[in-house]
Amino acid sequence: MKALVFNTFGGPEVLEYLEISDPVIGPDEILVRMKAIGLNFADIYRRKGNYHLTGNSPFILGYEGAGVVEKTGANVQGISVGDPVAFADVPHANAEQVAVPMEKAIPLPETISFEKAASVLLQGLTAHYLTKDSYAVKENDVILVHAAAGGVGQLLVQIAKLLGGRVIGLTSSMEKASAVKKAGVNQVFLYSDDWKRKVLEETDGKGVDVVYDSVGSTLEDSFAATRIGGTVVFFGMAGGDPAPVDPRMLMDTSKTLTGGDLWNVLTSREERAARSAELFRWIEEGKITVSEPTVFALQDGRKAHHFLESRKSTGKILLRP
């Protein structure tokens, strides 16, 4: 099979599209012929060597995708050859075929296409646990979302609104601000503005109830925009590592810092099924919408990585074998 691989850490130029051995499935696994693969910042972090990678070189990136079951292991039940499935947390997805543990396979309803599943699962499940678990959004909460034009950002805006919140989005350009407005945000500010002052003005000097910060380097400013007793949820570092947080500041302001990681939430087949089912239902009912993805051929993976790192993208980037 063909796969997008790399042998050394570095920029997009280390990626190569090569013929490698087909995966061999175990008794509790299925073999999936990939139709759409999600590209995420985590793939960039792994390519650079910032995140842990499984296996030996040549390394294969990717943890999210959707496709058709080609083969099932001896112990697999409830999944048949020909079934459409997706996954959000299976390594080596940047390939034509992927060995998927049965417990991580998510059945796709007829209404959810391969492209939509690969566009929404990892980012949608992330937005789901952030708004349900890391900080449970309540009616009339005021919420600040960093990188609101990104895949997670647009879904965070929509889910927070669905749960009754009032949402302020932050983004880097007028073009991206338009995408944030389409997602239903109540107010949007640019990073080039004095956004902390504007957020405080928007909240009558009080600050927001919760900030969802995926930028990292903005963490200190996020606390400044949070009300006394408010919460900052740190779940990414697209803009660089955050400065250390002073516990004395947390005590003096009664503010909370919490972290979030999807892998700590998707701990069973039941968790995956329940959370995915709610996400798919919201999409089917039109309560959240998924913007059209930007699609690259898997063999053009270098271009896709360049595009994601350029900060010019809005919404999801997919790779198609």
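The values are calculated or read from the model by the stated rules, or taken from the named source; none is laboratory data. These figures come from a predicted structure and were not determined experimentally. Quick reminder, even Gly has a Cβ in these numbers, built from the backbone with ideal geometry, and neighbours come from all protein chains shown. We work out accessible area using only protein heavy atoms, side chains counted, and drop any ligands, DNA or RNA first. Shrake-Rupley method; radii C 1.70, N 1.55, O 1.52, S 1.80 Å.
Just subtract the alpha-carbon distance of residue 252 and residue 277 from 0.36 nm times their residue separation and send over the number in nm, one decimal.
4.9 nm
Tell me, what is a quarter of the convex hull surface for the C-alpha atoms of the range 135-259, in nm² with one decimal?
Value for the range 135-259: 6.8 nm².
Using only Cα positions of the range 200-239, each an equal point scatterer, no hydration layer, compute I(q)/I(0) via Debye at q = 0.29 Å⁻¹ and quote the log10 values to two decimals.
Summing over Cα pairs of the range 200-239 leads to -0.91.
May I ask you to order 61-69, 225-233 by the average number of other C-beta atoms within 10 Å around their residues, highest value first?
61-69, 225-233
In the chain, what percentage of the DSSP-assigned beta bridges are antiparallel, given to the nearest 5?
Given both bridge residues lie in the chain, the antiparallel proportion sits at roughly 55 percent.
Quick check: residue separation of residue 28 and residue 287 times 0.36 nm, minus the Cα distance between them. What number comes out in nm?
Once the chain is fully extended between residue 28 and residue 287, it gains 89.7 nm.
Among 257-269, 241-253, how do they line up from the highest to the lowest mean number of other beta-carbon atoms within 10 Å?
Packing proxy ranking, top to bottom: 257-269, 241-253.
DSSP loop (so not H, G, I, E, B), at most 13 other Cβ within 10 Å: list which GluC sites (Glu not before Pro) in the range 70-117 pass both filters.
110
Quick one: if you stick a label point 7 Å off each Cα along the C-beta vector at residue 309 and residue 110, how many nm between them?
4.4 nm
If you average 1/r over every pair of different alpha-carbon atoms in the range 135-184 and take one over that average, what Kirkwood value in Å do you get?
Taking the inverse mean of 1/r over all distinct Cα pairs, the range 135-184 comes out at 10.5 Å.
Please work out the Cα center distance from the range 244-321 to the range 153-193, rounded to the nearest Å.
Using only Cα atoms to place each centre, the spacing works out to 15 Å.
So, with +1 on the Cβ of K and R and -1 on the Cβ of D and E, and no other charges, what is the size of the charge dipole of the range 135-259 about its Cα centre, to the nearest 20 debye?
It works out to roughly 340 debye.
When the dipole is taken about the Cα centre of the chain, and only Lys, Arg (+1) and Asp, Glu (-1) are charged at their Cβ, what size is it in debye, to the nearest 20?
500 debye
Quick one: accessible area per residue over the range 135-259, 1.4 Å probe, rounded to a whole number of Å²?
Ligands and nucleic acids excluded, the figure is 43 Å² per residue.
Is it possible to state the helix-based mean residue ellipticity at 222 nm for the chain, with each DSSP H run of 4+ residues giving -39500 (n - 2.57), the sum divided by total residues, to the nearest 500 deg cm²/dmol? What is it?
That calculation yields -8500 deg cm²/dmol at 222 nm.
Beta carbons within 10 angstrom, averaged per residue: use that to sort the peptides 175-188, 117-130, highest first.
Most protected by this proxy first, the peptides run 117-130, 175-188.
What number, in nm² with one decimal, is the all-direction average of the projected area of the convex hull of the alpha-carbon atoms of the chain?
15.8 nm²
HN-Hα J couplings of the range 229-241 from phi, Karplus 6.51/-1.76/1.60, θ = phi - 60°, integer Hz, Gly and Pro as x?
x, x, 10, 10, 9, 9, 9, x, 9, 4, x, x, 4
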